[in-house]
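Peer 1: I am attaching a structure below and will ask some questions about it afterwards.
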Amino acid sequence: MHATLPLLEATTFPALRRGALTTLQVNLGYRCNQTCVHCHVNAGPNRTEMMDSTHLNLVIEVLKARSIQVLDLTGGAPELNEGFRELVRRARALGVHVIDRCNLTILFEPDQEHLAQFLADQGVEVVASMPCYSLENVDKQRGKGVFDKSIAALQQLNALGYGQPSAGLRLSLVYNPQGATLPPEQGRLQADYKRELKAHFGIEFNELFVVTNMPIQRFGSMLISKGQFNSYMQLLRDSFSEPNHAVVMCRSLISVDWQGHLYDCDFNQQLGLPLPAGGAVRMAVQPHLRDLLVQNPDGRPVRTADHCYGCTAGQGSSCGGALTGE
Ligand code: SF4
Ligand code: SF4
């Protein structure tokens, strides 16, 4: 795979500082039952990196110490971490809102038969990748057979109350483009998804999050192979939108890797760009979850590079979809 960091480090992206920390996004490990083309984590069945129980306990301590309102669980497939369910139970007992970034097909893996019921019982928000409402596009990007399993999983979640207006169980889908283009307008695409998934499969969901492909890891490497890296970066730079800069997700979120190291976002984590050690509050050279027990990261500078233009381009992009509009 081609390395993208050397192409991104020299940047003109405007400086950023953190605001109040509201979300801890924890990567529970890189193992996954899928190997998607666009995966920025390079996750797959052969990855062995998984967060251990010491660090899972530390997550709970940090939620308490910093009064964090949202725990956003990602991976890999976060559910494959043996401590996933215990972590969810403990966070929910604290009143923390928990998000599971679920690939849907995990519901059909061995030992995961009761996963959907568990998520519903705990009131966990499910955010699921669904890059299209057609079989051909989904299977091309995420692997053969993924579309049919995803549809079956969404139907299972609907049957438990997910995506139904009255049940209070939020189900959101995530769309990303197939190629080196910006995503279409979120509201319009959401209307298409709602119409098509309801008409053909009876599926309902709350929101569609439209996200921009980041020029890193597998997708970045693919751009380099096809000679499209520079033109895609130029598209992202040319589409810079100042209002998005004010609300990028790293202002309110910290990303944690499976070893407890801290990053400004999951993209920086995958690029190996840790939270800066300097700033108003001193942290270790490689800041760690345990630092958050005693130190407040608010107001610290964010580590930026050229991929940050992926968050500000057009309607903007974050783990919660579009930001402020074009
Ligand atoms: S399901 Fe998600 S984590 Fe797993 S390979 Fe696909 S994009 Fe990566
Ligand atoms: S890539 Fe990460 S650090 Fe850069 S703007 Fe986006 S969220 Fe912030």
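Peer 1: At R0 = 51 Å, how high is the FRET efficiency between residue 57 and residue 11 if r is their beta carbon distance? Nearest 0.05 is fine.
Peer 2: 0.90
Peer 1: Taking the highest mean first, how do the peptides 198-204, 150-156, 307-313 order by number of other beta carbon atoms within 10 angstrom per residue?
Peer 2: 307-313, 150-156, 198-204
Peer 1: When the helices in the chain are scored as -39500 (n - 2.57) per DSSP H run of 4 or longer and the sum is shared across all residues, what 222 nm value do you end up with, to the nearest 500 deg cm²/dmol?
Peer 2: Per the formula, -9000 deg cm²/dmol.
Peer 1: I've got another one for you. Based on Cβ point charges of +1 for Lys and Arg and -1 for Asp and Glu, what charge dipole magnitude is obtained for the stretch 119-277 about its Cα centre, in debye rounded to the nearest 20?
Peer 2: 320 debye
Peer 1: Where the only charges are on Cβ atoms (+1 Lys, Arg; -1 Asp, Glu), what is the dipole of the chain about its Cα centre, to the nearest 20 debye?
Peer 2: With only Lys, Arg, Asp and Glu charged at Cβ, the dipole is about 380 debye.
Peer 1: Compare the Cα positions of 20, 5, 152 along the charge dipole of the stretch 5-312 (+1 at Cβ of Lys, Arg; -1 at Cβ of Asp, Glu; about the Cα centre) and return the one farthest towards the positive end.
Peer 2: Result: 20.
Peer 1: Then there's this: As an exercise, take the mean of 1/r over every pair of distinct alpha carbons in the chain, invert it, and state the Kirkwood radius in angstroms.
Peer 2: 20.0 Å
Peer 1: Rounded to the nearest 0.05, what FRET efficiency do residue 121 and residue 294 give with R0 = 51 Å and r taken as the Cβ-Cβ distance? Could you check?
Peer 2: 0.90
Peer 1: Here is a further query. Taking 8 Å as the Cα distance limit and 6 or more residues as the minimum spacing, I'd like the relative contact order of the stretch 5-312 as a percentage.
Peer 2: Relative contact order for the stretch 5-312 comes out at 25 percent.
Peer 1: What are the radius of gyration and Dmax of the stretch 1-141, computed over its Cα atoms and given in Å?
Peer 2: When restricted to Cα atoms, the stretch 1-141 yields Rg and Dmax of 16.8, 48 Å.
Peer 1: For the stretch 1-70, what class follows from the C-alpha gyration tensor (a ≥ b ≥ c being the square roots of its eigenvalues): rounded when a/c is under 1.5, otherwise prolate if a/b is larger than b/c, else oblate?
Peer 2: It comes out oblate by the Cα gyration axes.
Peer 1: Using a 1.4 Å probe, what is the accessible area per residue for the stretch 148-199, in Å²?
Peer 2: Value returned for the stretch 148-199: 45 Å² of accessible area per residue.
Peer 1: For the stretch 123-262, what's the relative contact order in percent, using C-alpha pairs closer than 8 Å and at least 6 residues apart?
Peer 2: Relative contact order for the stretch 123-262 comes out at 21 percent.
Peer 1: Let me ask something else. Averaged per residue, what accessible area in Å² does the stretch 36-145 show with a 1.4 Å probe, protein chains only?
Peer 2: Result: 42 Å² per residue.
Peer 1: Shifting gears a bit: Based on the alpha-carbon gyration tensor of the stretch 199-261 and its eigenvalue square roots a ≥ b ≥ c, which shape applies: rounded if a/c is under 1.5, prolate if not and a/b is larger than b/c, or oblate?
Peer 2: Verdict is rounded for the stretch 199-261.
Peer 1: What does the charge dipole of the stretch 58-157 about its Cα centre add up to, to the nearest 20 debye, if the Cβ of each Lys and Arg holds +1 and the Cβ of each Asp and Glu holds -1?
Peer 2: Dipole size: approximately 300 debye.
Peer 1: Per-residue HN-Hα couplings for the stretch 292-300, Karplus 6.51 cos²θ - 1.76 cosθ + 1.60 at θ = phi - 60°, whole Hz, x for Gly and Pro?
Peer 2: Per-residue couplings from phi come out as 6, 5, 10, 10, 9, x, 4, x, 6 Hz.
Peer 1: Where a Cα-Cα gap under 30 Å defines reach, which lysines qualify for residue 226, not counting those fewer than 8 residues away within the same chain?
Peer 2: 140, 144
Peer 1: Say R0 is 25 Å: what FRET efficiency, to the nearest 0.05, do residue 200 and residue 89 get from their beta-carbon distance?
Peer 2: 0.10
Peer 1: Can you tell me the length gained on complete extension of the stretch residue 65 to residue 242, counting 0.36 nm per residue apart and subtracting the Cα distance?
Peer 2: 60.4 nm
Peer 1: Tell me which residues come under 5 Å, amide H to amide H, from residue 72 once H is placed; ignore anything under 5 positions away on its chain.
Peer 2: 24, 25, 26, 99
The values are calculated or read from the model by the stated rules, or taken from the named source; none is laboratory data. Fair warning: this is a prediction, and the values are worked out from it, not measured in the lab. FYI the Cβ positions are ideal-geometry reconstructions off the backbone, even for glycines, and counts take in every protein chain you see. Quick note on the areas: whole protein, heavy atoms, side chains included, nothing else; ligands and nucleic acids left out. Shrake-Rupley method; radii C 1.70, N 1.55, O 1.52, S 1.80 Å.
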